[in-house]
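The values are calculated or read from the model by the stated rules, or taken from the named source; none is laboratory data. Keep in mind it's a predicted model, so treat the numbers as computed, not measured. No Cβ is skipped: glycine too gets one built from the backbone with ideal geometry, and neighbour counts run over all protein chains shown. These accessible areas exclude ligands, DNA and RNA; they are computed on the full protein's heavy atoms, side chains included. Shrake-Rupley method; radii C 1.70, N 1.55, O 1.52, S 1.80 Å.
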Amino acid sequence: LEEFRTASAQGETLSGLMRRWLHRWYAHEGLLVFDADDPALKTCASDLWAAEFEGRGVYSALEGREEMTGPAHVRRNNVFWMDGEAGRAGVVQSKDGSGWLAGGLQVASADEDWSTWAKTNARQCSPGVLLRPLYQEWLLHSIAVVVGPGEWGYWHQLPAVFAEFGMTFPALRMRDHAVVFSPQAIELGWKL
């Protein structure tokens, strides 16, 4: 309750409260919990944001490879724009190529110095599904990452992207899980 009150007073979301609880319960075990939305951490990863806008990010590393048709859709720009009013929107190039749009908002023009732009705007950048593993490992290199079945699929799209950025691809370990099929699903022919 104390952590809830503190999080509430600080205007934190449920994720902020969860970080507080995890720290209280497991910090003595050595658990380290990052707030991936922290502006300083996002600025540390500004090279990832810049690469997406420059056309040398996830898409270019996978273009022409089998992994391009993996379980996760490979966007030309894997950055999402976070805006207090508009929420989170995928970044797409404008039809005339003059810049980048998030929803109806122009977030950058085509002639930007992307390194500077990424540092200045890092707070509003959020990684898409295929950029998040790189962002995560950029901040803290893992020996192994425990994933679920869905993550297993899209992480396996990324070894070439990790190599492109000069990063080591971590060992993946599947977490315990179960798949339950109803009798109706089995009758329809569903199987693993």
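Some observations on this one:
- Residue 43 being modelled with pLDDT of 95 or more, over 13 Å from the mean Cα position of the chain (by Cα) and surrounded by fewer than 13 Cβ atoms within 10 Å (Cβ to Cβ): no
- Residue match in region 66-79 (condition: modelled with pLDDT of 95 or more, of a type in the set (S, T, N, Q) and in contact with a Lys or Arg (Cβ under 7 Å, 6 or more places away or on another chain)): no
- Within region 46-71, the residues that satisfy the criterion of being open to solvent by 10 Å² or more (accessible area, probe 1.4 Å), of a type in the set (D, E, K, R) and within 20 Å of residue 95 (Cα to Cα) are 54, 56.
- Residue within region 26-40 that is farther than 30 Å from residue 92 by Cβ, surrounded by 13 or more Cβ atoms within 10 Å (Cβ to Cβ) and of a type outside the set (Ser, Thr, Tyr) present: yes
- Cβ-Cβ distances below 9 Å connect the following pairs, each with a first residue in region 108-136 that is over 20 Å from residue 167 (Cβ atoms), a second residue that is among the polar types (S, T, N, Q) and part of a strand (DSSP E or B), and a separation of six or more residues or different chains: 110/93.
- Looking across 126, 115, one residue alone is among the hydroxyl-bearing types (Ser, Thr, Tyr), outside any helix (DSSP H, G or I) and open to solvent by less than 70 Å² (accessible area, probe 1.4 Å). It is 126.
- All of (1) open to solvent by 10 Å² or more (accessible area, probe 1.4 Å); (2) in a loop (DSSP other than H, G, I, E, B); (3) not hydroxyl-bearing (Ser, Thr, Tyr) hold for residue 106 with one exception: (2).
- Qualifying residue in region 163-182 (condition: part of a loop (DSSP other than H, G, I, E, B) and on the phi > 0 side of the Ramachandran plot): yes
- Number of positions in region 72-87 that are loosely packed, with under 13 Cβ neighbours inside 10 Å and either in a strand (DSSP E or B) or of a type outside the set (Gly, Ala, Ser) (or both): 3
- Restricting attention to region 149-192, the residues that are small (Gly, Ala, Ser) and either under 30 Å from residue 49 (Cα atoms) or modelled with pLDDT of 95 or more (or both) add up to 6.
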